[in-house]
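This report refers to the structure that appears directly beneath it.
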Amino acid sequence: MSPRRSRRRKLPVEPVEVNIESLSHEGRGVTRIDGKVAFVEGALAGETVRARYIQKRGQFDVLATEEVLVASKDRVTSDCVVSGVCGGCSLQHLDPGRQLLMKQSMLLEHLQHSAGLNTDAFELMPMLTADTSHYRRKARLAVRYVQKKGGALVGFREKHSSFITVMDDCKVLVAEVASLIPTLKELISNLSSAADIPQIEVAAGEIEAAASAPLQVALVFRHLTPLEPADLDALLAFAAQHQLHCYLQPAGPDSVHRVYPQQGQDRLEYFLPAFDLRLQFHPMDFTQVNGPINRQIVSRVIDLMAVQPGQKVLDLFCGLGNFTLPLARQGCQVTGVEGSDAMVKRGYENGALNGLSNMAFYCADLSKPFVDEAWAQSQYHKLLLDPPRSGALEVVQQIQKLAPEQIVYVSCNPATLARDSAELLAQGYRLKSAGVMDMFPHTNHVESMAVFDRQAS
């Protein structure tokens, strides 16, 4: 039997006028057209809009707003000229304060649905906010040489498309990177290998602890063919002119290497001045994209955990020590566990850099049983979790082995946080407090935190 082929549904040509009932978890307007659910991008609850079809699916359709006929009081005019096209943001049209309330509502809905927790069962933490413009320190910029467009395009991809947004600025990238977009386009357009550079990884580190200090930018150029000497010279001259760290990636992640400057430490860094700490990282390392929010999150975690000298604390999914080092600064004994040998090495490097020895780092796959791991042979007073989007279900299912009195869970996915919360409740823990942090303004990404206490038996 031949495989069944999906048929592309023909889209209606004429736009339709619809009334928006609510917002989805993706920040899209929700309506019904002839009884069928439809999601309308660029629309807000309570609005009447004229929209065109962009996708037809079995259970729902997707439309894009062409004209707002009756606007919500929460609608704002974005100063981003490509906000309706660029896929880097989805909520530029929604007031930033309302964005955060929407994210809080998403968290509460997930906790109620998956864990049966109503808002009267726990304390709601104050929301953490910062400047919502030029906050993004990490990004992957797509690159494509398009002769019809006059040269190279550099930026984020368009919504629902592989095309790259035609842009000369970005309102969410840190200013030091946003200002480089026009010159990057010119640089790549003039390379003989312009068609063989598909992306640029961006990372920005701090030069000093002051919040207003300029950032140090690193660019990692992925190239599919070896660079001609003249092209390499052009990249080096560009890096020198703009005082950048320049890296090349000719193959996989392990092939990344710095070509400018040729001397000095192959690291960027950021500061946590509240704890007298500086942390170094490689541009390809995972770090938080929003520096000011990260500082607030770290301070809140330390306040909530209130660790005492002599206590044993476990930091799972610890990365390069973003929480491990501030915890160690409090005088307790901290064990950090991460799934990458490189990040474990980075944790030890950062501990030595800051004169800290009351910590140990281990490499382990936390999606698998860990009862036989050396670090799991101890019991801990307190546990910190900061997992990826997939959550930490395998960890919380084994939580009795660790037996912490308190768990602080930092999450980048409210759905998996809620799922794991249900498991922790079943294991005898109580949700004490929860709240959201605006790590990714103008997007539907929800960063949140929850605190659990072990109930007395």
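The values are calculated or read from the model by the stated rules, or taken from the named source; none is laboratory data. No experiment lies behind these values; they were computed from the predicted model shown. Cβ atoms come from the backbone with ideal geometry, glycine included; neighbour counts cover every protein chain shown.
Restricting the first member to the stretch 218-231 and to residues that are within 12 Å of ALA203 (Cα to Cα), and the second to residues that are polar (S, T, N, Q) and surrounded by 12 or more Cβ atoms within 10 Å (Cβ to Cβ), the beta-carbon pairs closer than 6 Å and six or more apart or on different chains are VAL220/GLN249. Does ASP420 satisfy the condition of being among the charged types (D, E, K, R), surrounded by fewer than 24 Cβ atoms within 10 Å (Cβ to Cβ) and within 26 Å of the chain's Cα centre (by Cα)? So ASP420 does not fit the description; no. The listed residues are SER299, SER378, and the only one of them that is surrounded by fewer than 19 Cβ atoms within 10 Å (Cβ to Cβ), modelled with pLDDT under 95 and of a type in the set (Ser, Thr, Tyr) turns out to be SER378. Every condition in (1) over 30 Å from ALA230 (Cβ atoms); (2) more than 17 Å from the chain's Cα centre (by Cα); (3) not acidic (Asp, Glu) is met by PRO182 except one, and the failing one is (1). Considering PRO226, PRO214, the condition of being touching a helix residue (DSSP H, G or I) at 6+ places or on another chain (Cβ under 8 Å) and either in the same structural domain as LEU173 (by TED's automatic domain parsing) or modelled with pLDDT of 95 or more (or both) is satisfied by PRO214 alone.
Please verify whether GLN99 is in contact (Cβ under 8 Å) with a residue 24 or more places away in the chain, in contact with a Cys (Cβ under 7 Å, 6 or more places away or on another chain) and not in a strand (DSSP E or B), treating the condition exactly as stated. Spelling it out, it is not the case that GLN99 is in contact (Cβ under 8 Å) with a residue 24 or more places away in the chain, in contact with a Cys (Cβ under 7 Å, 6 or more places away or on another chain) and not in a strand (DSSP E or B). Residues in the stretch 184-232 that are in contact with a strand residue (DSSP E or B) (Cβ under 9 Å, 6 or more places away or on another chain), farther than 21 Å from CYS170 by Cβ and of a type in the set (Asp, Glu): ASP196, GLU208.
Conditions (1) modelled with pLDDT under 95; (2) in a strand (DSSP E or B); (3) surrounded by 14 or more Cβ atoms within 10 Å (Cβ to Cβ), marked per residue:
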site	(1), (2), (3)
SER6	yes, no, no
ALA38	no, yes, yes
LEU44	no, no, yes
THR65	no, yes, yes
MET106	no, no, yes
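Each residue in the stretch 117-152 was checked for being touching a helix residue (DSSP H, G or I) at 6+ places or on another chain (Cβ under 7 Å), surrounded by 20 or more Cβ atoms within 10 Å (Cβ to Cβ) and part of a strand (DSSP E or B), and 3 pass.
Just to be sure before I move on: is GLU201 touching a residue at least 40 places away in the same chain (Cβ under 8 Å), touching a Pro at 6+ places or on another chain (Cβ under 8 Å) and under 18 Å from ARG137 (Cα atoms) in the structure I sent? Judged against the criteria, GLU201 is a match. Restricted to the stretch 275-307, and to residues there that are among the acidic types (Asp, Glu) and touching a residue at least 40 places away in the same chain (Cβ under 8 Å), the residue that is farthest from THR132 (Cα to Cα) is ASP276. Checked against (1) crowded, with 21+ Cβ neighbours inside 10 Å; (2) assigned to a strand (DSSP E or B), GLN280 passes all but condition (1). Residues of the stretch 343-375 that are surrounded by 15 or more Cβ atoms within 10 Å (Cβ to Cβ), part of a helix (DSSP H, G or I) and not aromatic (Phe, Trp, Tyr): MET343, VAL344, ARG346, GLY347, GLU349, ASN350, GLY351, LEU353.
Every residue, every condition in (1) among the hydrophobic types (A, V, I, L, M, F, W, C); (2) touching a Ser or Thr at 6+ places or on another chain (Cβ under 9 Å); (3) buried (at least 18 other Cβ atoms within 10 Å of the Cβ); (4) not in a strand (DSSP E or B), yes or no:
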position	(1), (2), (3), (4)
GLN288	no, no, yes, yes
ARG295	no, no, yes, yes
ASP303	no, no, no, yes
PRO326	no, yes, yes, yes
GLY331	no, no, no, yes
